[in-house]
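The values are calculated or read from the model by the stated rules, or taken from the named source; none is laboratory data. Only a predicted model underlies this, so the values are computations on that prediction, with no experimental measurement involved. Note that we place each Cβ from the backbone using ideal geometry, even for glycine, and neighbour counts take in every protein chain shown.
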Amino acid sequence: MDIEDNKRIKFRPNLSGHYAGFVSRLIAFTVDLLILSIVIMFLTWFVPTSISMMQLRPDELIGRHFPYISNFFELIYQSFTNLGTTWGIFGIISIILYYSLFVSFAGQTPGKALLGLRIVPISGQKISFNRAMFRYLLYYLSALPLGLGFIWILIDDRRMAWHDKIARTYVLYAWEARPDEQFLVKVISTMEESRKKLKEVTSKKSKGTETDQIK
Amino acid sequence: MNRYDLLAQRGQDEVERLVNVGKLEYQHSYRLAKTAFQSTINESINTLADNPEIHNLIETQGVGLANEVIEETRERSVTADNFIDDILRALLRRPLRSELPPPPVEMQEKAIKIKVTK
């Protein structure tokens, strides 16, 4: 048993540093979305609630000294206590900051770190904040034609999406990426079983139609 | 009231007294059991919370389990990456991923932040 296990481990290919595939990147993206949605939900609840609880009225406070700009602060106050506007402001800012800061500092977002992926620029230099932000904004370009820019990962030889191509970045496995062979065997066996069942069903149906025709 | 009725009355009173005693005793025993049970639970929880070995065990087990889940997810996602890639590339009649060159060594080094042997 031990020898077989050793053999299995020995022949498992190590894809460390290779181009990361579609599924890994999709899972990482989903994890990031989950984290972001939790953060945004908290912020959109916390900010208006804390402002209304503390009864902070910057418009009244500032309006006393600077009456000519009190309308502006009143507008800000109303916006911050309005859930929709707060969602919009904090949502956009936190999403942009999340992607740009994490990518520029660590080369990976928390979702990518969980899946062991890293964004590496083709130039070999460190990815800057502006470039990370530019790369994030290009996500929308990839998403626009029914997500074709993302699906391009499956077709491209270097597994690059459109935003990777324009921002000139690779997404690579940053861990000893070993495929789970047992999982693959399970998937293939279930696919073969379903194919056999489908064949049986179709053959039964064809036999049934033949006998009906003879009758 | 004749003697028989008096006797019956006394018997009835005695039965009622015993029933009341039973009710009271039931309440007492319930309270006693509840107190004993709660104190035992509190004591055992305190013992578990204060025990450093148990602390250590929970921490290592938790971290170990989380690592295992992450590793499993990563391995499965890599498998799915290759599986879908191979199917699609076979359908599009493009060379398989294994036949394509890997990224430049410098990029690989940057990704894993260690030296890669050529």
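Things to note:
- Looking across the stretch B:74-107, the residues that are more than 7 Å from chain A (Cβ to nearest Cβ), farther than 26 Å from A:Ile122 by Cα and part of a helix (DSSP H, G or I) come down to B:Ile87, B:Ala90, B:Leu91.
- Residues being closer than 25 Å to A:Thr30 by Cβ and in contact with a helix residue (DSSP H, G or I) (Cβ under 9 Å, 6 or more places away or on another chain) - total across the stretch B:40-95: 18
- Tally of residues being modelled with pLDDT of 85 or more, of a type in the set (Asp, Glu) and loosely packed, with under 15 Cβ neighbours inside 10 Å across the stretch B:79-118: 1
- Residue within the stretch B:110-118 that is within 8 Å of chain A (Cβ to nearest Cβ), of a type outside the set (Val, Ile, Thr) and out of contact with any strand residue (DSSP E or B) (no Cβ under 9 Å at 6 or more places or on another chain) present: no
- Among (1) within 17 Å of the chain's Cα centre (by Cα); (2) outside any loop (DSSP other than H, G, I, E, B); (3) surrounded by fewer than 16 Cβ atoms within 10 Å (Cβ to Cβ), the one test that A:Ser142 misses: (3)
- Listed by position, the helices (runs of 4 or more DSSP H) enclosed by the stretch A:1-69 include none that has at least 3 residues that are touching a strand residue (DSSP E or B) at 6+ places or on another chain (Cβ under 8 Å), away from chain B (no Cβ under 14 Å) and modelled with pLDDT of 90 or more.
- Flag if B:Leu65 is out of contact with any Ser or Thr (no Cβ under 9 Å at 6 or more places or on another chain) and farther than 20 Å from A:Gly116 by Cβ: no
- Among all residues of the stretch A:106-123, there is at least one that is at pLDDT 90 or above, surrounded by fewer than 19 Cβ atoms within 10 Å (Cβ to Cβ) and either of a type outside the set (A, V, I, L, M) or closer than 16 Å to A:Val39 by Cα (or both).
- Where A:Ala132 falls short, out of the listed (1) in a helix (DSSP H, G or I); (2) of a type in the set (Gly, Ala, Ser); (3) more than 28 Å from B:Glu75 (Cα to Cα): (3)
- Test: residue in the stretch B:58-72 that is within 8 Å of another protein chain (Cβ to nearest Cβ), part of a helix (DSSP H, G or I) and free of Cβ contacts under 8 Å to residues at least 40 places away in the same chain: yes
- Qualifying residue in the stretch A:187-205 (condition: within 22 Å of A:Arg25 (Cβ to Cβ), surrounded by 11 or more Cβ atoms within 10 Å (Cβ to Cβ), in contact with a helix residue (DSSP H, G or I) (Cβ under 6 Å, 6 or more places away or on another chain) and within 14 Å of chain B (Cβ to nearest Cβ)): no
- Set A:Ile166, A:Ile153, A:Ile188: member being touching an Asp or Glu at 6+ places or on another chain (Cβ under 9 Å) and among the aliphatic types (A, V, I, L, M): A:Ile153
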